[in-house]
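What follows draws every value from the coordinates through simple rules; no lab data is involved. Being a predicted model, the structure only gives us computed values, none of them experimental. Positions of Cβ are backbone-derived with ideal geometry, glycine not excepted, and every protein chain shown enters the neighbour counts.
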Amino acid sequence: MDMTLRWFGKQYDSVTLEQIRQIPGVSGVITTLYGTQPGEVWSPEDIRALVEEVEASGLAVKGIESVNIHDAIKVGTPDRDGYIANYIQTLENLGQQGIKMVCYNFMPVFDWTRSDLAKPREDGSTVLSYDNALVEAIDPEKMFEALDEKSNGYVLPGWEPERMARVKELFELYKDVDEEKLFENLVYFLEKIMPTCEKYGITMAIHPDDPAWPVFGLPRIVTSQTNLLRLVNAVPSSCNGVTLCTGSLGSSPANDIPAIIRSLKGHIGFAHVRNIKYIGDGKFDEAAHLSADGSLDMYAIMKAFYDVGFEGPMRPDHGRAIWGEVSIPGYGLYDRALGACYLNGLWEAIDKASKNG
Ligand code: DNO
């Protein structure tokens, strides 16, 4: 396991590389060219500049999150091959700079969804929270505005304002896409890009749908152990992998996260580790990473990663907003740094216990 932190780039993030460098046990970042739009080719110059900037701070780029997928590919419109060719070119350019892991998602229209980005807790912190009843009551076209108002002025990951301006058009585009069609389009895409991934040893790590059920009637296909296994088996390649996001999969209490990790041995390319607190059916708050603060057993989760021999990048996922910090919601420095130390501590204990019998 290689502990990292997500970093959105100097222009976009409230957290600096210098700060990340000072978190014990964090040697790299997961980053992206945050200003690019899905479908664009990432230029070798821009990628090189990003890698050099990170390396100049004493850190390394341990992966990209995300290279987002154009809707034409998800919907399977006739122009998809052109966008796939662009994606392949981006992978070539990333591969040439030594990038070995790319996180992506295949969620229609919206990436992760929340009903509140700053829900106050008893401890005075705020967290991201989800209430299905509240989300389903919002007009999807208003969803972006609802979230943007509470984004502290930052661009939210996966919620590109340019795409969100076209929400109505996007819903129209997806109207004939059901789960099977979406799955077929994902397999089509993966089959086309695998040769390039294999050439450079890039693991494509699909991010689960968040939350792990359909929202606004849009299909969702990466929600459970069954469909994750179906996906890795549909395109057998060491480069067809998964981002094991404990919070996204964990949004459904039916998902046994340690069991899912164990069943995906050898297919996990990236790990997002966070805790959530169930507060009702289709309702949860994000929590501090500590097991006791939420509903997930973080020790059992880390033990499962350890037992499957997970060696890829891991990052603490969303944190609470604490100590007065203002940042991209979920992505402040303080609580994620606490999370990284806690997860590193669990790992050290598991490792030493296992070696000392
Ligand atoms: C939210 C993130 C997601 C994730 C994408 C991966 O905080 O976990 O936006 O990066 O779904 O493509």
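Numbers for the structure displayed
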quantity	calculated
Inter-label distance for ASP79 and GLU198, nm, one decimal - labels placed 7 Å from Cα along Cα-to-Cβ	3.1 nm
Packing rank of 9-18, 103-112, where each peptide gets the mean count of other beta carbons within 10 Å, highest leading	103-112, 9-18
Computed helical MRE - 222 nm, the chain, DSSP H runs ≥ 4 contributing -39500 (n - 2.57), nearest 500	-11500 deg cm²/dmol
Shape of the chain, Cα gyration tensor, a/c cut at 1.5	rounded
Residue order, fewest to most surrounding Cβ atoms within 10 angstrom, among HIS318, HIS267, HIS207	HIS267, HIS207, HIS318
Exceeding the 25 Å Cα-Cα cut-off - candidates LYS199/LYS303; LYS142/LYS175; LYS62/LYS199; LYS119/LYS303; LYS74/LYS150; LYS265/LYS352	LYS199/LYS303; LYS119/LYS303; LYS74/LYS150
Rounded to the nearest 20 debye, dipole of the chain from Cβ charges on Lys, Arg, Asp, Glu	880 debye
Which of LEU50, VAL187, CYS239, positive extreme of dipole for the chain (C-beta unit charges)	CYS239
Neighbourhood net charge (9 Å Cβ-Cβ; Lys/Arg +1, Asp/Glu -1) for GLY76	+2
Most to least packed among 55-67, 151-163 [average Cβ atoms within 10 Å]	55-67, 151-163
